[in-house]
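First up is the structure itself, then whatever we jot down about it.
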Amino acid sequence: MCLAKDSRVAIGAIALTLLYVTVDSGACGPALPYVTRDVWSAQPPKLIEHFAGPIPYVIIHHSYIPAACYSGLQCIAAMQSMQTMHQDVRQWNDIGYSFAVGGDGRVYQGRGFNVVGAHAPRYNNRSVGICLIGDWVSDLPPKNMLAATQTLIEYGVRNGIIARNYTLLGHRQVRTTECPGDRLFEEIKTWPHFNPMTDIVDQNSV
């Protein structure tokens, strides 16, 4: 049975109220509020392709559109909007990102770890793509959003999913784009493992 968009949002919001997973990020690490695909009512992927780890790159994005979300209801709608755009308009297998982070401080599962993405040309099969939902050209994401992003990365490292010597990049370093926004890009320059390298390919590449 096909559900209308509003129905998917409502079901996801109810599920989020009742259940979201708090992941233990490891010894001495903070808990990670984590929302699974089932909870945000993701459509099934058309294809899943895996790659081996540990993952050497973490690439940071912003969505630009949809705008920033600050509640479970808003963030569920944003996830569904991005997945619809990526699957139905761009004809990708799934939402392009590995994960997204909402202004509610929660991490939303996209394709997940070690699944080939559609977010950074030539890096899709060797990176984690993390999208901070919103437009971060002029404004800095809220502290809880930045903290959740860093906790997700730390979780990956602690559990051997992300390489301990991983390289952190902004999307603009591997493709001609303003993503992840000027303000967010300046912020991630201060984070551990950031590398100022550039490896830009053609704008039309996926």
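Output yes when any residue across the stretch 78-97 is over 18 Å from residue 134 (Cα atoms), in contact with a Pro (Cβ under 6 Å, 6 or more places away or on another chain), acidic (Asp, Glu) and modelled with pLDDT of 95 or more, and no when none is. Among the residues of the stretch 78-97, at least one is over 18 Å from residue 134 (Cα atoms), in contact with a Pro (Cβ under 6 Å, 6 or more places away or on another chain), acidic (Asp, Glu) and modelled with pLDDT of 95 or more, which makes the answer yes. Can you find even one residue in the stretch 123-140 that is touching a Cys at 6+ places or on another chain (Cβ under 6 Å), of a type in the set (A, V, I, L, M, F, W, C) and touching a residue at least 40 places away in the same chain (Cβ under 8 Å)? Yes: the stretch 123-140 contains one or more residues that are touching a Cys at 6+ places or on another chain (Cβ under 6 Å), of a type in the set (A, V, I, L, M, F, W, C) and touching a residue at least 40 places away in the same chain (Cβ under 8 Å). Contact list please: Cβ distance under 7 Å, first residue in the stretch 42-66 and among the basic types (Lys, Arg), second residue assigned to a loop (DSSP other than H, G, I, E, B) and surrounded by 13 or more Cβ atoms within 10 Å (Cβ to Cβ), pairs at least six apart or on different chains. Once the first residue is among the basic types (Lys, Arg) and sits in the stretch 42-66, its partners that are assigned to a loop (DSSP other than H, G, I, E, B) and surrounded by 13 or more Cβ atoms within 10 Å (Cβ to Cβ) give 46/93; 46/94. In the stretch 132-141 there is at least one residue matching the filter, namely being touching a His at 6+ places or on another chain (Cβ under 6 Å) and assigned to a strand (DSSP E or B).
Given the condition part of a helix (DSSP H, G or I), under 18 Å from residue 131 (Cβ atoms), of a type outside the set (Ser, Thr, Tyr) and touching a Cys at 6+ places or on another chain (Cβ under 8 Å), answer yes or no: does some residue in the stretch 167-185 qualify? Yes, the stretch 167-185 contains at least one residue that is part of a helix (DSSP H, G or I), under 18 Å from residue 131 (Cβ atoms), of a type outside the set (Ser, Thr, Tyr) and touching a Cys at 6+ places or on another chain (Cβ under 8 Å). Taking the stretch 128-183 as the range and being surrounded by 16 or more Cβ atoms within 10 Å (Cβ to Cβ), out of contact with any Leu (no Cβ under 8 Å at 6 or more places or on another chain), closer than 28 Å to residue 76 by Cβ and small (Gly, Ala, Ser) as the test, the residues that pass are 129, 134, 156, 181. Check whether at least one residue in the stretch 115-127 is among the polar types (S, T, N, Q) and farther than 28 Å from residue 84 by Cα, and report yes or no. No, the stretch 115-127 contains no residue that is among the polar types (S, T, N, Q) and farther than 28 Å from residue 84 by Cα.
For the stretch 33-50, filtered to residues that are in contact with a Phe, Trp or Tyr (Cβ under 9 Å, 6 or more places away or on another chain) and over 19 Å from residue 129 (Cβ atoms), the residue that is surrounded by the fewest Cβ atoms within 10 Å (Cβ to Cβ) is 33.
The values are calculated or read from the model by the stated rules, or taken from the named source; none is laboratory data. All figures in this text were calculated on a predicted structure; none of them were measured in a lab. Cβ atoms come from the backbone with ideal geometry, glycine included; neighbour counts cover every protein chain shown.
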